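Here the structure comes first, spelled out in structure tokens, and everything after it is commentary.
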Amino acid sequence: FFCLCVDDGDLTASAVHASRFDYKSRPLNCMQAPADTPSSELASWTPPPRPHRRVLHGRFVRVEPLEAERHCDDLHAAFSADPEHLRWEYRFQSGFATRADLLAYLVSIETSTAAYYGVYVDLTTGKAAGLGSLMSIDQLHGSIEIGAIMLAPSLSRTAAGTEALILQIRWAFSLGYRRVEWTCDPHNAASMRAAQRLGFSFELTQRQRHATKGRNRDKACFAICDGAEWAAVDAQQRAWLEPTNFDDAGQQRQALSTLTAPLLRCVAAAEPSAHSNANGQPSGAPLRQRRWSEDEDEVRWCAGWVTPPRPVRKTLSGEYVSCVPLTLEHAKPLGLAFNTMLDSPYALWDHLSDGPFPTRESFNEWLGRQSVSTDP
């Protein structure tokens, strides 16, 4: 997709994700020129199941389904090794000062239907020292994200911490997902490096994607897609985990980043910033709101951020056109206007998520659903 981003009056557009949507059962790839005819058909592909409660076993780590009460003590002790909560600065949540605060958070995500959380148990100590999730679960199009990752200092930069992420990525592809994503704040140098070290190729940065902790936050997007791309990344991840790649002291002989670097389709470094947070870490600019007057011809800036309302059904009138809320009354005139599109299977509809429609009835049924939808 394309987005228009208002940034101090600068109006620009940027293009997005490879294989993000399974439109018409074939992948789109922003890194290749688009074809004029259907390609890479996915006739035999079926949407994968949601992740479920399952233990993932590795050589260095075990990934267990989150149980808030059982894992809270270990996680609180492990996270307490970072008393200034520096590792939480790029998370939407802040660090948790007390066990009760952490427990309340764990309880809230334990039964989440939007994401599946796993806890990382270091096999050397038998203690939980991190957690992460499979989230942004899009079964219809076969896309999923590994995110909300938090590693305690004891698990960071260790084979166990890396293997935990590999196990979750591998599980996502084994379930049948076509694409696994990694997203982060582009100022978060550690996360940007980690993504590419694991074999994720950089795709783009979505500007002004989030408003969090009083600041603007951009969103850097990485992905691994199935097929030959995942097979190559998987082979190098497995090669890195081989016992022969570690010496008697447990130190790696060959870095994972060395193995995966040749596979990356596009790379990116952390973005510099003129702004920093209270801990001196690079961050986005403080939020400010562009507000319009009632007659929509005057613009002013104000401090802070006010969450905008959802769009409402409203007629927008211009010099050449009026945009009116869609209703079923538009079925007939639109059907006539789209007559050639309705009858041509590979016209404009072929590049949209819906259609073509074999009959007027099917078109009217689709239009009826759109006229009462709240998103879009």
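Where a number appears in this text, it was derived from the coordinates with a stated rule and is not lab data. Computed from a predicted structure; not experimentally measured. Positions of Cβ are generated from backbone atoms using ideal geometry, with glycine treated the same way; all protein chains shown enter the neighbour counts.
Remarks
- Assigned charges on the beta-carbon of Lys, Arg, Asp, Glu; the stretch 95-201 dipole about Cα centre (debye): 280
- Cα point-scatterer Debye curve for the stretch 74-172, base-10 log of I(q)/I(0) at q = 0.10 Å⁻¹: -0.27
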